[in-house]
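Asker: Sharing a structure here in structure tokens format.
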Amino acid sequence: QVQLVESGGGLVQAGDSLRLSCAASGRTFSSYTMAWFRQAPGKDREFVASITWSGGNTYYTNSVKGRFTISRDNAKNTVYLQMDSLKPEDTAVYYCAADRYFTRATSPGEYDYWGQGTQVTVSS
């Protein structure tokens, strides 16, 4: 079983930064696509960003472009989400997800593995 463990969430003020980490284990990930999703209270889980494990191609939802940066450290099997200029509307539980194949899918149903989530709260 592939396991994903997120960390790095917390309570910050608007304009602050956070870096989320997702540590992956269980199998090789050379062909995987890693992604971050988020889910705010009363809302659907939504796509945030993705990166291919091999190649490092990135894809972002429009609302975070220019503020969030997804990256990976292949040697550590870890994916990061650097979040700058945080806004209250970024408040959500952030989930790490993995797809077994190269994909640009933004639907949660397309991803095979999920972490437990980490809470990000941005106050005004």
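Asker: Could you give the accessible area per residue of the chain, probe 1.4 Å, as a whole number in Å²?
Answerer: 51 Å²
Asker: Once Lys and Arg get +1 and Asp and Glu get -1 on their Cβ, which of 95, 17, 3 lies farthest toward the positive end of the dipole of the chain?
Answerer: So the residue furthest toward the plus end is 3.
Asker: What ³J(HN,Hα) values, in whole Hz, does the Karplus curve 6.51 cos²θ - 1.76 cosθ + 1.60 give for segment 79-91 when θ = phi - 60°, with x put for Gly and Pro?
Answerer: 10, 10, 10, 7, 10, 10, 6, 5, 10, x, 5, 7, 4
Asker: Right, something else. Just the number, please: carbon plus sulfur as a percent of the accessible area of the chain, 1.4 Å probe, no ligands or DNA/RNA counted.
Answerer: Using a 1.4 Å probe with all protein chains present, the chain comes out at 42 percent carbon and sulfur.
Asker: With the contact rule set at Cα under 8 Å and sequence spacing of 6 or more, what percent relative contact order holds for the chain?
Answerer: Worked out over the chain, it gives 36 percent.
Asker: Please report, largest first and rounded to whole Å, the three semi-axes of the ellipsoid equivalent to segment 12-81, where each semi-axis is the square root of five times an eigenvalue of the C-alpha gyration tensor. Working shown, then result.
Answerer: On the way: eigenvalues 101, 36, 31 Å².
One finds semi-axes of 22, 13, 13 Å for segment 12-81.
Asker: Let me ask something else. Give the dimensionless ratio obtained when the Cα radius of gyration of the chain is divided by 2.2 N^0.38 Å.
Answerer: Computed over Cα atoms of the chain, the ratio equals 0.97.
Asker: Run the reach check for residue 43 against aspartates and glutamates, Cα to Cα strictly under 13 Å, same-chain hits fewer than 8 apart removed. What comes back?
Answerer: List returned: 89, 90.
Asker: For residue 46, what accessible area in Å² do you get when you roll a 1.4 Å probe over the heavy atoms of the protein chains, rounding to the nearest 10?
Answerer: Answer for residue 46: close to 90 Å² accessible.
The values are calculated or read from the model by the stated rules, or taken from the named source; none is laboratory data. Just so it is clear, the model here is predicted, and its values are computed rather than measured. When we count neighbours, we look across all protein chains shown, and the Cβ atoms used for this are built from the backbone with ideal geometry, even at glycine. With ligands, DNA and RNA removed, areas are computed over all heavy atoms of the protein, side chains included. Shrake-Rupley method; radii C 1.70, N 1.55, O 1.52, S 1.80 Å.
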